[in-house]
Number of protein chains: 2
Amino acid sequence: MARPQTFIEEEVLEKAMHEFWRSGYATTSIKELVEATRLQPGSLYGAFKNKRQLFIRSLELYFEQLFEDIKQAVDSEDKAEKRLRKLFDCLVVNFSFRSEQKSCFLLRTLLEVQQNDNEISVMVRRMYAQIEAEIYGLLVDARLQGSLKPGASPEIMARMLMSNIFGLQVYSHISSEEYELEQTINNIMCIFTTNRY
Amino acid sequence: MARPQTFIEEEVLEKAMHEFWRSGYATTSIKELVEATRLQPGSLYGAFKNKRQLFIRSLELYFEQLFEDIKQAVDSEDKAEKRLRKLFDCLVVNFSFRSEQKSCFLLRTLLEVQQNDNEISVMVRRMYAQIEAEIYGLLVDARLQGSLKPGASPEIMARMLMSNIFGLQVYSHISSEEYELEQTINNIMCIFTTNRY
DNA sequence: ATTATTACTGAATGATGATTCAATAATTGT
DNA sequence: ACAATTATTGAATCATCATTCAGTAATAAT
């Protein structure tokens, strides 16, 4: 028995998320969010409490979407190498060439907040832990299929792959030659799997 | 024939640099810089024009110092593997365990400014290009000494090393177990050099 | 139709941001 | 000692920030 919301929260979050993603937490102003979402300040505050909560919800939405893509890559029916390659696509290639912004929202946030906002920092670390767990699962699979280079444990390899993914994400900021990136990904695949590329 | 400056610019820059490094460009306020440098706003503006120029000078100072360390590592008399290891120390280990802040100022800045401030973005990319050139030189040396794994070219390897350095810097944000980091560095050394670790 | 309840609007608020500037202080050259 | 010049001070300025709130609108229940 009251006036209903005139907007769909997820649609608004999607728009806010893109603003935060592009400009960062600190430098995205309420004014920009008002323009992006087409909601007035009062409505934003009514629905999301404040800027920080809106940011947190945006980050969560981003992660949900990313994690769905990752799972789709990791859980597909392909051979392990192909799934690993798909993982690189959704974590690296997509950001460098298939989106106007350069880096993953999680990465950007991790470096922006640092010790500044511990709660958000912990959130991001937990998200990355989930991604790393997916990679670990993929590697265990790959080992069973015999497509993993012997040597290091899947645990260690998962860590190294995470590190390589971060590395590529950052490197694509300083030089975004597509063929160089492809070459580097192939080299990494070479290091971790038994295939040739 | 005028009143002399009562401060040494480099000393002030050093203090400002640490503030920017810790809090980022946008979130470091003039008030904080005034406290850190113990100069009044007017003096800061008199000497450095504005916040942005002060930031740029801070970034340059940071790079000078870092690059000196890098050169010292790369140009030392040791064998190539040892010099590579020293490079990891000054680009990765130092940030993770020997300083209160987690990441390299350059990395932080690269991700903060992105498309937001093209001039600063270009500056950082140029600085990284210089670092990569040093790594390239080291690898050419290593190849002559026979301590580089055959296969990829020094050019490609330099790119991969840069990427791995970025990766480790980021990874140390989400998990800063020192022995894990050491292990990963050793694994990377393994991949690039002919030695065993 | 009326009432209770909740949503929406957008101007107002108060804090804080970067930057400027008039007043004052410390020099050097004459 | 005085004039010319430049540095320092810190309050003032003006823009912008996040947030609130009084007024208005839209719905459901009665």
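The values are calculated or read from the model by the stated rules, or taken from the named source; none is laboratory data. What you are looking at is a predicted structure, and each value in this text was computed from that prediction instead of being measured. Cβ atoms come from the backbone with ideal geometry, glycine included; neighbour counts cover every protein chain shown.
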Quick one: would you say B:Q145 is away from DNA strand D (no atom under 16 Å from the Cβ) and either out of contact with any Pro (no Cβ under 6 Å at 6 or more places or on another chain) or on the phi > 0 side of the Ramachandran plot (or both)? yes
Matching residues, region A:174-197, being more than 10 Å from chain B (Cβ to nearest Cβ), surrounded by 15 or more Cβ atoms within 10 Å (Cβ to Cβ) and of a type in the set (D, E, K, R): none
All but one of (1) surrounded by fewer than 15 Cβ atoms within 10 Å (Cβ to Cβ); (2) within 14 Å of another protein chain (Cβ to nearest Cβ); (3) within 16 Å of DNA strand C (Cβ to nearest atom) hold for B:N50; state the number of the condition that does not hold. (2)
Looking only at region A:146-173, count how many residues are more than 17 Å from A:N186 (Cα to Cα), within 9 Å of another protein chain (Cβ to nearest Cβ) and not small (G, A, S). 4
Could you grab me the full set of residues in region B:89-129 that are within 11 Å of the chain's Cα centre (by Cα) and either in contact (Cβ under 8 Å) with a residue 60 or more places away in the chain or at positive phi (or both)? B:L91, B:V92, B:F95, B:S103, B:C104, B:F105, B:L107, B:R108, B:T109, B:V124, B:M127
Checking the condition at the interface with chain A (Cβ under 10 Å from one of its Cβ atoms) and assigned to a helix (DSSP H, G or I), which residue from B:R143, B:R108 passes? B:R108
Looking at A:R57, is it crowded, with 18+ Cβ neighbours inside 10 Å, more than 16 Å from DNA strand D (Cβ to nearest atom) and more than 14 Å from chain B (Cβ to nearest Cβ)? no
Tell me whether region B:147-163 contains one or more residues that are modelled with pLDDT under 95, touching a strand residue (DSSP E or B) at 6+ places or on another chain (Cβ under 7 Å), buried (at least 16 other Cβ atoms within 10 Å of the Cβ) and not basic (K, R). yes
Region B:165-197, residues that are small (G, A, S) and part of a loop (DSSP other than H, G, I, E, B): B:S175, B:S176
Looking only at region B:9-51, count how many residues are touching a residue at least 60 places away in the same chain (Cβ under 8 Å) and away from DNA strand D (no atom under 14 Å from the Cβ). 6
Mind listing just one residue for me: the one in region B:19-42 that is out of contact with any helix residue (DSSP H, G or I) (no Cβ under 6 Å at 6 or more places or on another chain) and within 14 Å of chain A (Cβ to nearest Cβ) and, of those, nearest to DNA strand C (Cβ to nearest atom)? B:S29
